[in-house]
Structure formats: structure tokens, C-alpha cells
Amino acid sequence: MEIQDIENIELKFLELADYQDLKEAMIASYTNMEGEYWGEKHINTLIKKFPEGQVVIKINGELAGAALSIIIDSDAFDEVHTYEEITGNYSFKTHDDDGDVLYGIDVFIKPQFRGLRLGRRLYDYRKELCEKLNLKGILFGGRMPNYHRYSNEITPKEYIEKVKRKEIDDPVLNFQISNDFHPAKVLKGYLQGDAASEEFAILMEWDNIYYKKPSKKARAKKKVVRIGLIQWQMRPYKDFDALMEQAEYFIDAVAGYRCDFALFPEFFNAPLMAKDNHLSTPDAIRELAKYTEDIKNKFSEFSISYNINIITGSMPDVVDGRLLNAGHLCRRDGSVERYEKLHVTPDEAKVWGMQGGSELRAFDTDCGKIGILICYDSEFPELSRLLADEGMDILFVPFLTDTQNGYSRVRHCAQARAIENECYVAIAGSVGNLPNVQNMDIQFAQSMVFTPCDFSFPTNGVKAEATPNTEMILIADVDIDLLRELNQFGAVRNLKDRRTDLFTLGRKTN
């Protein structure tokens with residue numbers, strides 16, 4: 001049929017009244033499998049069990065193709081299975097309304113309607129249905145109708161690789177791959193009587209990037225997350241209570257805008273060192289560390305009372321006599337977790353005697369997985385890549401830089417982390433000066449939120465930016481679902497396209 005002859009294309013639910021037309025379409029479509037088509041009782045069963053899963057395409061009122069499917073519980077079946085097993089010996093007793101995977105039973109287009117991309121419409125409908133029903137993904141056993149031509153020379157696995165490299169033309173497999181399905185397993189003896197495929201099939205998978213694991217808790221993970229960055233002004237404070245009063249002011253402000261996170265800068269509590277300026281610099285920083293536990297506890301109280309997750313920037317912390325640079329994630333559910341700066345700067349080591357920490361991990365929150373790297377750590381790409389491998393969606397970078405040179409290092413490295421790890425990166429720093437605190441004279445900062453660079457994001461990869469060297473808050477919304485789309489359908493796919501056949505990245509175990 002020519003496109004100009006088409007007056008109407010309809011995608012409709014299959015009805016039993018369509019059966020005769022459906023039978024004729026199956027017979028016309030499966031010329032190499034004579035006598036193989038679904039009986040009326042089978043179609044009636046499918047429609048009764050799962051009406052949404054059975055659809056047909058009609059052109060000018062004529063049935064042109066169909067897609068049949070069921071829902072299965074993936075835990076109830078081995079990865080290696082047969083068509084007979086997956087359909088319950090063609091009874092469809094395997095359909096489970098509470099299952100987690102959409103399984104494609106059949107899809108076909110009548111020969112005279114091929115070339116109109118109708119198959120793509122059927123696949124797109126299945127994807128939309130999968131997303132609507134919050135299923136993990138789609139599975140089906142894909143036939144290999146050209147394999148019999150090569151079976152004496154290569155294995156099914158080699159055949160798949162040659163098709164993927166375009167060395168062998170297989171229109172069925174190529175079509176499925178072009179529709180974002182990927183081969184997962186070779187199934188032997190899958191469909192009895194499929195001589196063209198020599199009874200081999202390829203288990204094809206499509207992952208629903210929007211799948212949300214059902215939770216028994218009375219909350220759902222947020223798709224759009226609101227971030228509040230505090231660009232902190234360094235100024236003298238009378239005492240600990242005055243510092244906390246200023247911190248609470250900012251927390252109150254970002255919580256008032258219903259932010260999910262508040263991010264403070266590195267060493268935001270440095271003004272408390274002023275009273276110890278008569279001491280040596282190493283002794284003064286260790287005196288500052290004595291406030292760390294109280295600040296953590298106070299921030300945890302704020303996180304609960306203001307219903308916001310707080311990333312406390314960082315503070316000096318003495319553990320077993322070692323001076324570390326550490327901070328805390330204070331969740332709004334009352335839980336608190338600690339993170340450490342792994343790479344200390346030459347100045348931190350030389351002037352303060354500070355040492356690098358040893359623990360790196362992503363944190364689960366009610367807004368997805370996050371990572372936290374303190375300042376200099378953001379300049380080491382291996383750290384954020386390890387966090388990305390753990391599922392990080394947002395990377396938070398509290399920093400403290402005295403010169404514009406230092407700031408530029410953090411800023412540009414943070415933006416690179418957003419691109420290469422397909423995540424959002426939020427950086428927050430301090431501004432102003434502390435003339436009465438040694439080694440904390442001046443600060444330069446411009447807090448920002450970075451995104452990947454693709455069609456769904458700002459062209460320059462900058463979601464929001466604060467005014468340089470001005471005390472303020474910066475608020476930005478980030479859409480987590482856009483990261484899922486980027487991972488699957490981006491113009492480039494930095495995470496997927498890594499050459500792990502050439503290199504690996506892992507952690508050392510002591």
C-alpha cells in the first residue's frame with residue numbers, strides 16, 4: 001500500500017469480533033509457519049485476562065497488524081525458558097496482574113502494509129503501557145528467521161554479534177535493536193517447529209527507565225527535586241549561637257520555598273576560629289573541631305523541624321587523633337550520615353596537618369541517590385564515576401576557594417562531572433573575608449547548578465547560577481526523569497559508551 005492511499009490509521013484494542021480478520025492477517029504474515037496461528041479460544045482468553053495488552057492497527061478499516069502480550073512475574077521464570085512455558089502451554093495461565101514485566105506474545109504486520117513503520121507504533125504502545133502500569137520492562141523471544149542460512153558456520157551468539165556489526169542483514173533483529181531493545185540471552189528450543197530459526201530465539205529486553213519499585217511507605221520518590229544552595233558570607237560572629245542563628249535563617253528561607261536539600265559550603269563555621277587567633281594555626285583548627293558534634297546535632301534538629309535534607313558543608317573533625325575534613329548529611333527523617341574529604345590540598349596538609357579520609361559512597365535519600373564530594377575531591381574524576389556506578393543522580397560539592405583561579409578549577413571540574421556522569425552537580429561556596437582568622441583571609445565563590453549538555457537541558461549545561469561574591473541563596477529544580485531519558489536516548493551516552501573492554505575502575509580493599 002502507498003502512503004497516499006491511506007485515509008485513516010487507528011490503533012485499537014483487539015475485540016473478539018476482529019478474530020476472522022486477525023486470523024487472515026496471521027496466516028498472511030507467517031507464510032513459513034504453515035497452519036500456525038492463534039485459535040479463537042486463545043484470543044478470547046487473552047482479551048479477558050488482559051484487554052489492554054491486545055491491540056491492532058487498522059488502515060482504512062482493514063486490520064493491518066497486531067501485538068499480543070501478557071504480564072508475568074519475572075521471579076517465577078528462569079531466564080532460559082521456552083515459548084510453551086511462558087504461555088502456560090498456550091493457556092496464558094502465566095498472566096499475573098501483579099507481575100512486574102510485560103511479555104510480548106506476538107507481533108506481526110501483514111505483508112502489504114510493511115514499510116509503513118507500523119511495527120514501531122505497536123512497540124511504542126507497549127512501551128507506553130509498560131510505563132503506565134509501572135512495570136520493570138518488556139521481554140520477548142525474538143525469532144531468528146535468517147539463522148538457518150548460517151547455522152553450519154557460526155553459533156547463534158556469533159550471529160547476533162555479526163548482525164549488530166552489520167556484517168549480516170537480519171531485518172527482524174535490526175528492527176528490534178533500532179527500537180531500543182537489546183539482546184539478553186540465546187534461548188535454545190524456544191519455539192517448536194520454527195525451522196527457519198532452528199528453534200533458537202533471542203531474549204530481547206527493554207528497560208522501563210521510569211519504573212518505581214513499589215513502596216509500602218507512605219511516600220514516593222520525587223521526580224523533580226528542588227535544591228537550595230547557601231552562598232555564605234564570611235563575617236565575625238559573637239559565638240556559636242550567633243553562627244547557628246544565621247544558619248537557621250538560611251535554612252528557614254530555603255525551606256520556605258519547599259526545597260528538598262540545603263547545601264552549605266566547606267568550612268562555613270571558620271568564623272568561630274577568631275577567638276583562637278592567638279594560637280598556632282594547627283591548634284586553632286583543632287579548637288574549631290570541638291564545635292563539629294554540636295553543629296551536627298543542631299543541623300539534625302533543623303532538618304527535622306524544617307522538613308529538609310541538609311548537607312552541612314564541611315568542618316574539621318578529629319578522629320583518633322587525626323585531623324580530617326568532614327561533613328554530615330542530615331536527613332529530614334532524623335537519620336545522619338558522615339562523609340569525608342579524601343584529597344586534602346597541599347595547603348591543608350602543610351598549614352593545618354590535615355589528612356585525607358578513606359570512605360566514599362553514595363547516599364540514599366527520599367529524592368534518590370546523591371553523592372557528596374568536598375571541594376578538591378571534585379577535581380578527581382574517578383570518585384564521581386564510582387558514585388555514578390552506584391546510581392548517583394545529584395552530586396553536591398561544598399567548596400571554599402580563596403582566589404578566582406581556585407574557584408575556576410572547582411567550577412569547571414564540577415561541570416565536567418555533570419557531563420561525564422549524566423548527573424546534576426550543585427556547588428556552593430563562601431564569599432567575603434575573615435581578617436582575624438589565620439589562613440582564611442579571603443574567599444571567592446559563585447554557587448551554581450550544572451546539568452548534562454543535551455537537548456532536554458540548557459545548552460550551556462548551567463541550570464542556575466548565583467551572583468559572584470554576594471551573599472544569597474540559589475534555588476533550582478532538577479528533573480530526575482530527564483537523566484533516565486538521557487541515559488537511554490541521549491545524543492551521546494557517556495555512561496553506556498564506556499570501553500569497559502579496555503579499562504575498569506574499582507576500589508581497593510585493604
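For this structure, a couple of remarks:
- Filter result for Val101 (more than 30 Å from Gln20 (Cβ to Cβ) and touching a Lys or Arg at 6+ places or on another chain (Cβ under 7 Å)): yes
- As a summary of the residue check, Thr31 satisfies the conditions (1) over 33 Å from the mean Cα position of the chain (by Cα); (2) β-branched (Val, Ile, Thr); (3) not in a loop (DSSP other than H, G, I, E, B) except for the one numbered (3).
- Those strands (runs of 3 or more DSSP E) lying entirely in region 293-392 with at least 3 residues within 26 Å of Lys212 (Cα to Cα) and either touching a residue at least 12 places away in the same chain (Cβ under 8 Å) or not assigned by TED's automatic domain parsing to the domain that holds Ile480 (or both): 309-311, 368-372
- Residue that is surrounded by the most Cβ atoms within 10 Å (Cβ to Cβ), among those in region 380-432 that are in contact with a Pro (Cβ under 8 Å, 6 or more places away or on another chain) and among the small types (Gly, Ala, Ser): Gly429
- The residue of region 43-71 that is farthest from Gly193 (Cα to Cα), among those that are touching a residue at least 60 places away in the same chain (Cβ under 8 Å) and among the β-branched types (Val, Ile, Thr), is Ile57.
- Number of the condition not met by Leu395 [criteria: (1) in a loop (DSSP other than H, G, I, E, B); (2) closer than 18 Å to Asp479 by Cα; (3) not hydroxyl-bearing (Ser, Thr, Tyr)]: (1)
- Of the residues making up region 1-19, just one is exposed (fewer than 11 other Cβ atoms within 10 Å of the Cβ) and at pLDDT 90 or above, namely Ala17.
- Filter result for Phe240 (surrounded by 14 or more Cβ atoms within 10 Å (Cβ to Cβ), without any contact (Cβ under 8 Å) to a residue 60 or more places away in the chain, of a type in the set (Phe, Trp, Tyr) and outside the structural domain of Cys367 (by TED's automatic domain parsing)): no
Let's see how each residue does on (1) surrounded by fewer than 17 Cβ atoms within 10 Å (Cβ to Cβ); (2) in contact with a helix residue (DSSP H, G or I) (Cβ under 7 Å, 6 or more places away or on another chain); (3) not in a strand (DSSP E or B):
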residue	(1), (2), (3)
Asp97	yes, no, yes
Tyr103	no, yes, no
Gly115	yes, no, yes
Asp124	yes, no, yes
Phe140	no, no, no
Lys166	yes, no, yes
Leu173	no, yes, yes
Gln176	no, no, yes
Ala184	yes, no, no
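- Within region 64-83, being over 21 Å from Asp98 (Cα atoms) and in a loop (DSSP other than H, G, I, E, B) holds for Val80, Thr82.
- Filter pass, Leu203 being surrounded by 14 or more Cβ atoms within 10 Å (Cβ to Cβ), within 30 Å of the chain's Cα centre (by Cα) and either part of a loop (DSSP other than H, G, I, E, B) or aliphatic (A, V, I, L, M) (or both): yes
The values are calculated or read from the model by the stated rules, or taken from the named source; none is laboratory data. The shown structure was predicted, so the numbers you read here are calculated from the model rather than taken from an experiment. Counting neighbours? That spans all protein chains shown, and the Cβs are built from the backbone with ideal geometry, glycine included.
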